[in-house]
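The values are calculated or read from the model by the stated rules, or taken from the named source; none is laboratory data. Just so you know, these numbers come straight off a predicted model, no measurement behind them. Using ideal geometry, Cβ is built from the backbone for each residue, glycine included, and neighbour counts are taken over all protein chains shown. Note: accessible area is taken over every heavy atom of the protein model, side chains too, but ligands, DNA and RNA are not part of it. Shrake-Rupley method; radii C 1.70, N 1.55, O 1.52, S 1.80 Å.
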Amino acid sequence: MQSCHAQELQNKFSQPTEQFELSKELNEISGLTLLSDSEIAAVQDEKGKIYILSTQDGKILKEIEFGKKGDYEGITKYKKHFYVLKSNGSIYKVDKSGDAKEYALKQNKGFDFEGLCLDAVNKRLLVACKEHGNKDKRDAFYIYSFSLETKEYEKKPAYKIKRSKVNDNFKPSGIAIHPNGNIYVLSSFSKTLCVLSKSGEILEVTKLNKSIFNQPEGITFNSKGDLYISNEKKNDIPTLLKFNIDGTLK
């Protein structure tokens with residue numbers, strides 16, 4: 001039986017407070033991070049570019065080229081640098097001019113990563129793993145941490161969540177931290193949103209409407225707790241959606 005909070009979340013996701021159609025340049029939009037009340041940064045999974053978008057209409061304000069073509073899946077910002085995630089686990093530290101330094105994940109064979117966010121309190125990045133490299137460990141999904149001090153991945157995952165407790169087909173496509181500290185993990189594959197506490201306790205699991213979330217991959221919050229989610233084109237058009245969910249979960 002669905003909890004009252006989960007039902008409230010589902011109701012709030014039934015209609016975005018704002019919706020913007022994005023440029024075809026962002027047909028493969030795959031990651032988001034909020035920069036300010038007026039700007040949001042995005043990446044797409046084919047080009048080594050960072051796109052600065054307006055939160056007022058979703059239009060591209062600026063482009064920062066930092067690398068070759070590749071499968072880029074997440075973006076965040078810490079201090080003066082952007083951090084961009086590649087599906088093989090590599091993380092790129094990018095300055096405003098596009099100069100980039102790569103930090104590779106050791107022993108990344110078979111792994112597939114699709115979500116990145118800043119955990120400023122712990123001076124680390126949280127990296128959501130879509131598929132574990134070890135087939136025997138795929139009954140759970142994992143969130144790893146990348147230290148902003150050592151610039152290395154921690155060996156043990158920060159969070160390990162059994163898929164059976166969320167959705168058997170849950171494969172993370174995005175991750176973001178609400179201002180209250182709760183962790184929101186998005187799955188495009190199963191059209192599900194999972195909310196975790198700081199300690200990794202499952203707080204809510206919400207099914208998303210396929211007619212609104214055709215391929216949700218990017219997720220981020222503003223300081224007020226408003227949630228932004230981006231959809232890849234798939235058979236439609238790429239979109240940026242805004243939801244006012246503040247107060248739903250304390």
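Output needed for the stretch 116-184: three equivalent-ellipsoid semi-axes, defined as square roots of 5 times the C-alpha gyration tensor eigenvalues, in descending order, whole Å. Provide the component values of the computation, followed by the final result.
Numbers: eigenvalues 92, 46, 14 Å².
Semi-axes, largest first: 21, 15, 8 Å.
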Cα centroid separation, the stretch 133-185 to the stretch 90-109 (Å): 19
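Which whole-number value in Å² is the accessible area per residue of the chain, probe 1.4 Å? The partial results should precede the final answer.
On the way: 11970 Å² over 250 residues.
Ligands and nucleic acids excluded, the result is 48 Å² per residue.
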For LEU61, solvent-accessible area (1.4 Å; no DNA, RNA or ligand), Å²: 100
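Relative contact order, percent, of the chain when contacts are C-alpha pairs under 8 Å separated by at least 6 residues?
On the way: 666 pairs, mean separation 47.5, N = 250.
In percent, rounded to a whole number, it is 19.
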Solution diffusion estimate, µm²/s, Stokes-Einstein, the stretch 70-147, Kirkwood Rh from C-alpha pairs, 10 °C, viscosity 1.306 mPa s: 124
Accessible surface, 1.4 Å probe, highest first, among residues SER38, SER197: SER38, SER197
Residue order for TYR144, TYR184, TYR78 - accessible surface, 1.4 angstrom probe, largest first: TYR78, TYR144, TYR184
Positive-end residue, the chain charge dipole about Cα centroid, Cβ charges, pick of ALA41, LEU193, SER90: SER90
Positive dipole terminus of the chain, leading residue within LEU227, LEU240, VAL166 (C-beta point charges): VAL166
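What percentage of the solvent-accessible surface of the chain, computed with a 1.4 Å probe over protein heavy atoms, is contributed by carbon and sulfur atoms?
Numbers: 5240 of 11970 Å².
Heavy-atom surface of the chain belonging to carbon and sulfur, 1.4 Å probe: 44 percent.
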Accessible area in the full protein assembly, largest first, 1.4 Å probe, for TYR103, TYR72: TYR103, TYR72
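How big is the stretch 1-143 by the Kirkwood estimate over distinct Cα pairs, in Å? Before the final figure, lay out the partial values.
Numbers: mean 1/r = 0.0605 Å⁻¹.
Value: 16.5 Å, from the Cα pair sum.
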Segments 229-236, 123-130 sorted - mean Cβ within 10 Å per residue, highest first: 123-130, 229-236
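Give me the net charge of ASN169's neighbourhood, meaning all other residues with Cβ under 15 Å from the Cβ of ASN169; Lys, Arg count +1, Asp, Glu -1.
Local charge sum for ASN169: +4.
If you average 1/r over every pair of different alpha-carbon atoms in the stretch 170-244 and take one over that average, what Kirkwood value in Å do you get? Please report the intermediate quantities before stating the final value.
Working: mean 1/r = 0.0803 Å⁻¹.
Computed over Cα pairs of the stretch 170-244, the Kirkwood hydrodynamic radius comes out at 12.5 Å.
Given only helices, namely DSSP H runs of n ≥ 4 each adding -39500 (n - 2.57), what is the per-residue ellipticity at 222 nm of the chain, to the nearest 500 deg cm²/dmol? Don't skip to the end; give the middle numbers.
Values: 1 runs with 9 residues, N = 250.
My calculation for the chain gives -1000 deg cm²/dmol from helical runs alone.
With +1 on each Lys and Arg Cβ and -1 on each Asp and Glu Cβ, and nothing else charged, work out how big the dipole of the stretch 155-228 is about its Cα centre, in Debye to the nearest 20. Please report the intermediate quantities before stating the final value.
Working: 12 positive and 5 negative charges, 71 e Å.
Dipole size: approximately 340 debye.
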For the chain, built as a Gaussian network whose Cα springs stay under 10 Å, the top-fluctuating residue of THR239, THR17, THR150: THR150
